[in-house]
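S.K.: Pasting in a structure now, in structure tokens, and then I'll have a few things to ask.
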Amino acid sequence: MAQKPKLFVTRKLPPDVEARLRHDYDALHNDNDAVYGPDDLVRLSMETKCEGILTCGTEKWTADVISRLPDHVKVLATFSVGYDHIDVDAAEKKGLIVTNTPDVLTAATADISMLCLLGAGRQAQNSEKVLREGAWGRWEPMGMLGVDVTGKKLGIYGMGRIGQAVAQRARGFEMEIHYCNRTRLPADKELGAIHHPTPEDMLPHCQFLSINSPGGADTLHFLNAERIALLPDGAVVANTARGTVIDDNALIPALQSGKVGAAGLDVFENEPGFDKRYLDLDNVFLLPHVGSATIETRNGMGFRALDNLDAYFAGKEPGDRVV
Ligand code: 8YV
């Protein structure tokens, strides 16, 4: 019987994914689910003599780590659609194939964008707190007031797969969809959404703003003080993309002043750390990066990553090759 390919799996994955891994690969698993630092990544790649690595967004594949990988490592499959944790230029230089997991988490992440828009808009965190703290005294005409989502203008920054799925959901709330993308979508994908070639053009329309762009250098601190100033007063901001897209030093004062009425944040710069000043604000709805956190979606991500690895080891082109 042919030898199973050697794989290094950096995190503990859902049981059905682990079962397929054990069936098809000679893999080093991470049963304790430790998060490996740069030296561990290099050492374990060497010790396992692996040809493939299955990683998550928690591992940082910097140019330094990639340059120190042994030459037998040929393919790095990430269990994520985002790949800002991988220096793709360094990977390309080393001839390392990188794959990701698009499509399978589009719906789950778009759902969480809507949850952030609704949660922040309706101040869900404060309502829940009142119940948890046993402080629900009486119904009040002016108590727990949020703002309507229905019928408002929603701007989507980053109209890729997830942005389009947010638009589809927001249409159910009768929102007027605006979007900012380098290229305009064809009519069958735009579905009446209003294209803005620049953020500066779109932001003044955004009673609600949903950030669905990739992370990385191109979008670093996109939502800065100058751009926040362009939003309508009291705008609601949701981010399920990457924390780096928001400059916390600009958003936090805007939330304090009420310039930004509320924010729903699922992602943060320097996760699992985050700017603790958010905790002092009652107009933020906070989640710990759960965009793709459903069992169906996490299975889909694992299977998609394995499909890519299976293709590579069968001598075929992986479907989701990034470099
Ligand atoms: C994941 C994500 O939870 O896929 C992505 O890019 O941000 C999340 O869905 C995480 O990165 C898993 O590795």
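S.K.: Can you tell which of THR294, THR240, THR99 shows the greatest fluctuation in a Gaussian network model of the chain with Cα springs below 10 Å?
M.R.: Looking only at THR294, THR240, THR99, the biggest GNM fluctuation is shown by THR294.
S.K.: Sort out for me the Cα centre separation of region 1-67 from region 101-147, rounded to whole Å.
M.R.: Taking the Cα centre of each part, region 1-67 and region 101-147 sit 37 Å apart.
S.K.: Which one, MET159, LEU185, ILE211, is farthest towards the positive end of the dipole of region 150-290 when Lys and Arg carry +1 and Asp and Glu -1 on their Cβ?
M.R.: Looking along the dipole axis, the top candidate is LEU185.
S.K.: Describe numerically, in nm with one decimal, the distance between label points set 7 Å from Cα along Cα→Cβ at ALA187 and at LYS60.
M.R.: Distance between label points: 4.9 nm.
S.K.: Once you have all Cα-Cα distances for region 106-286, histogram them in 10 Å bins from zero and send the whole-percent values.
M.R.: 10, 40, 35, 12, 2, 0
S.K.: Per DSSP H run of n ≥ 4, the term is -39500 (n - 2.57); total these for the chain, divide by its residue number, and report the mean residue ellipticity at 222 nm rounded to 500 deg cm²/dmol. Before the final figure, lay out each step's value.
M.R.: Details: 12 runs with 113 residues, N = 323.
Rounded to the nearest 500, it is -10000 deg cm²/dmol.
S.K.: Between SER127 and LYS4, how high is the FRET efficiency from 1/(1 + (r/R0)^6) when r is the Cβ-Cβ distance and R₀ = 51 Å? Nearest 0.05.
M.R.: On the way: r = 52 Å, r/R0 = 1.02.
It comes to 0.45.
S.K.: Quick one: dipole size for region 222-303, taken about the Cα centre, charges +1 on Lys/Arg Cβ and -1 on Asp/Glu Cβ, in debye to the nearest 20. Walk me through the numbers before you get to the answer.
M.R.: Details: 6 positive and 11 negative charges, 20 e Å.
Roughly 100 debye for region 222-303.
S.K.: Something else: So how strong a dipole does region 106-286 carry about its Cα centre when Lys and Arg Cβ are +1 and Asp and Glu Cβ are -1, to the nearest 20 debye?
M.R.: Values: 17 positive and 22 negative charges, 64 e Å.
I would put it at about 300 debye.
S.K.: Related question: Might you report the magnitude of the Cβ-based charge dipole of the chain about its Cα centre, with Lys and Arg at +1 and Asp and Glu at -1, to the nearest 20 debye?
M.R.: Value, rounded to 20: 340 debye.
S.K.: Oh, and also: How high is the FRET efficiency between ASP148 and LYS93 when r is their beta carbon distance and R₀ equals 51 Å, given to the nearest 0.05? Numbers along the way, then the final one.
M.R.: On the way: r = 51 Å, r/R0 = 1.00.
About 0.50, to the nearest 0.05.
S.K.: For the chain, return all DSSP H helices satisfying: extent of Cα atoms along own axis at least 15 Å; mean Kyte-Doolittle hydropathy at least 0.0. All intermediate terms of the calculation are to be shown ahead of the outcome.
M.R.: Working: long enough: 38-48 (16 Å, -0.40); 106-121 (22 Å, 1.31); 161-171 (16 Å, -0.62); 295-313 (27 Å, -0.32).
Qualifying helices, which must be both long enough and hydrophobic enough, are 106-121.
S.K.: Let me ask something additional. How much of the calculated P(r) for the chain lies past 38 Å, in percent of all Cα pairs?
M.R.: The answer is 22 percent, as a whole percent.
S.K.: Give, in nm to one decimal, the length gained when the segment between ALA34 and GLU47 is fully stretched (0.36 nm per residue of separation minus the Cα-Cα distance). Mind dumping the intermediate values first?
M.R.: Working: separation 13, 0.36 × 13 = 4.68 nm, distance 1.69 nm.
Full extension from ALA34 to GLU47 adds 3.0 nm.
Bear in mind that the values in this text are calculations on the coordinates, not laboratory data. In this text the structure is predicted, and so the values were computed from the model without any measurement. Don't worry about glycine lacking a Cβ; one is built from the backbone with ideal geometry, like all the others, and counts go over all protein chains shown.
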